[in-house]
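Following: one structure in structure tokens, then a few remarks.
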Amino acid sequence: MTASRIDRRAFSGSTLAAAAAAVFPMPALGAGSSSRVVVIGGGFAGTSCARELKKIDPNIAVTLVETNRIFTALPMSNSVVAGLRKIGGQQFEYRAITAAGIDVAFAAVKAVDPQTRQVALVDEKSLSYDRLVLAPGIDLRWDAIPGYDRAAAEKMPHAWNDGAQVDLLRRQLTEMPDGSTVVMSVPVAPARCPPAPYERASLIAHYLKTAKPRSKLIVLDAKENFSMQRLFQNAWKELYTGLLEWVPLSSGGQVVSVDVASKTIKTDFDSYRANVANIIPPQRAGGVTALAGVADRTGWCPIDPITFESKQQANIHVIGDAAIAGALPKSASTANSAGKLCAAAIVQLLAGGKPRARELASACYSLLAPGYAISITAKYRPVDDQFIEIEGSGEISPLEAPQSRREEEAKLADDWFTQITGEVFG
């Protein structure tokens, strides 16, 4: 990435109609409206898209479908793991979304029929759409690591897409004795928020340093390189020497199996016994993308970068972490921006227009210790059917910087979180 000074605060398959009739027996909500858009997934991408749709054209009937009545934000959740924040500060309701004139259906999706343009919910309701937006985030690949499944996660938490899991990992760290070994695994790419595992490693190391200094953290990484690597490793050397050991792929960082009963993590080279194990498995697009037929063999969803429309199914758009979008990082900031751009494109398409290519901004902050943060920002634009980073648009924290700069970025991280959650859920 080319560094240049920018204002960081500004970054803030087919189904027969007869079969469909059996699956979708109820009348569609929003009938009688000139245009109906259903958005599945009430995270940063989906909620941003729903709100932007209603803002641009209040006459569009927008329904947001979300399983949970409380949204738990994953940005800043590593601070919860380290005891620097409470889980309640990560949780948000949907009252502001309903107040904006958006119908919110709290239910899981049972089926999606692209031919009849209907979504069936588990409560037997059916939603018809002119355009469907999928923003389901990621699912964990439970078949990727032998020995690691949903039951195993209750003993060796992933803490990756579930607030209860974040709280569980925090409790396990609190309850373990000093002198313990903590082992965490980092999956292959693509995965949600590439710097997040290393932020978590940093903050777990901070907790150990301040509360259980005879303990140790071992990070098993299925990759050889990662985002902002030199910045992270410099900070680890400065702050956590002797507490944090990073094991890359070439040194046996790939986890090949786990044994829950003994809390043993095996790699190609070695075995590790853990008092606390944080296993982050490989990932794929959220499950509703498979129901809709928009995920390809990789498990992710290829899209048109101008409209975010699926390349697999017409009239269905995919935004946020589930999408394959060239150089776009999988982050909350990107999801928020993509939601707005997708909404604008949908309004134009519904009116018979042709959406234009537009830029998208992204910012990612990583807290390495209280008062010590680093960041990476960039802008992207569609070129040759994918997003590319605009040369000279981005900035990465300097490798050598005074403590005042790290403190400033920590404050910016807090400000960014307050701003984006307030904008999306407030």
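The values are calculated or read from the model by the stated rules, or taken from the named source; none is laboratory data. The model shown is predicted, which means the values in this text are computed figures rather than measured ones. Note that each Cβ is placed from the backbone with ideal geometry, even for glycine, and that neighbours are counted across all protein chains shown.
Criterion applied to 361, 378, 327, 373 was being in a loop (DSSP other than H, G, I, E, B), closer than 28 Å to residue 397 by Cα and among the small types (Gly, Ala, Ser), and the one residue passing it is 327.
Filter segment 191-224 down to the residues that are of a type in the set (S, T, N, Q) and within 15 Å of residue 245 (Cα to Cα), then identify the one that is nearest to the chain's Cα centre (by Cα).
Filtering segment 191-224 down to residues of a type in the set (S, T, N, Q) leaves 202, 210, 215.
In the following step, the residues that additionally are within 15 Å of residue 245 (Cα to Cα) were identified as 202, 215.
Details: 202: 19, 215: 30 Å.
The extreme case among them is 202.
Conditions (1) crowded, with 22+ Cβ neighbours inside 10 Å; (2) within 19 Å of residue 273 (Cα to Cα); (3) of a type in the set (Lys, Arg), marked per residue:
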residue: 181; (1), (2), (3): no, yes, no
residue: 189; (1), (2), (3): no, no, no
residue: 197; (1), (2), (3): yes, no, no
residue: 207; (1), (2), (3): no, no, no
residue: 211; (1), (2), (3): no, no, no
residue: 218; (1), (2), (3): no, yes, no
residue: 226; (1), (2), (3): no, no, no
residue: 234; (1), (2), (3): no, no, no
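Number of residues in segment 361-384 that are surrounded by fewer than 17 Cβ atoms within 10 Å (Cβ to Cβ) and over 13 Å from residue 328 (Cα atoms) equals 3. Every condition in (1) basic (Lys, Arg); (2) part of a loop (DSSP other than H, G, I, E, B); (3) closer than 20 Å to residue 137 by Cα holds for residue 85 except the one numbered (3).
Of all the criteria given as (1) at pLDDT below 95; (2) surrounded by fewer than 16 Cβ atoms within 10 Å (Cβ to Cβ), the one not satisfied by residue 95 is (1).
Okay, residues lined up against (1) more than 30 Å from residue 398 (Cα to Cα); (2) under 23 Å from the mean Cα position of the chain (by Cα); (3) not assigned by TED's automatic domain parsing to the domain that holds residue 350:
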{"residue": "237", "(1), (2), (3)": "no, no, yes"}
{"residue": "275", "(1), (2), (3)": "yes, no, yes"}
{"residue": "298", "(1), (2), (3)": "yes, yes, no"}
{"residue": "307", "(1), (2), (3)": "yes, yes, no"}
{"residue": "312", "(1), (2), (3)": "yes, yes, no"}
{"residue": "317", "(1), (2), (3)": "yes, yes, no"}
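Filtered by the rule that a residue be among the hydrophobic types (A, V, I, L, M, F, W, C) and either assigned to a loop (DSSP other than H, G, I, E, B) or in contact with a strand residue (DSSP E or B) (Cβ under 9 Å, 6 or more places away or on another chain) (or both), segment 390-423 gives 390, 396, 399, 401, 410, 412, 413, 416, 417.
Here's the yes/no breakdown for (1) surrounded by 24 or more Cβ atoms within 10 Å (Cβ to Cβ); (2) farther than 30 Å from residue 84 by Cβ:
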| position | (1), (2) |
| --- | --- |
| 305 | yes, yes |
| 308 | yes, yes |
| 326 | no, yes |
| 335 | yes, no |
| 338 | yes, no |
| 359 | no, yes |
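Yes/no per residue for (1) part of a strand (DSSP E or B); (2) surrounded by fewer than 17 Cβ atoms within 10 Å (Cβ to Cβ); (3) among the small types (Gly, Ala, Ser); (4) at pLDDT 95 or above:
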position	(1), (2), (3), (4)
4	no, yes, yes, no
32	no, yes, yes, no
42	no, no, yes, yes
47	no, no, no, yes
51	no, no, no, yes
80	no, no, no, yes
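Residue 349 meets each of the listed conditions (1) on the phi > 0 side of the Ramachandran plot; (2) in the same structural domain as residue 311 (by TED's automatic domain parsing) apart from (1). Which one of these is within 24 Å of residue 236 (Cβ to Cβ), assigned by TED's automatic domain parsing to the domain that holds residue 81 and either in contact with a helix residue (DSSP H, G or I) (Cβ under 8 Å, 6 or more places away or on another chain) or not basic (Lys, Arg) (or both): 402, 329, 370? 329 is the lone residue from the list that is within 24 Å of residue 236 (Cβ to Cβ), assigned by TED's automatic domain parsing to the domain that holds residue 81 and either in contact with a helix residue (DSSP H, G or I) (Cβ under 8 Å, 6 or more places away or on another chain) or not basic (Lys, Arg) (or both). Just so you know, in segment 121-160 the residues that are in a strand (DSSP E or B) and either under 23 Å from the mean Cα position of the chain (by Cα) or charged (D, E, K, R) (or both) include one that is farthest from residue 65 (Cα to Cα), and it is 140. Being over 30 Å from residue 414 (Cα atoms) and touching a Phe, Trp or Tyr at 6+ places or on another chain (Cβ under 9 Å) holds for only one residue in 111, 107, 82, and it is 111.
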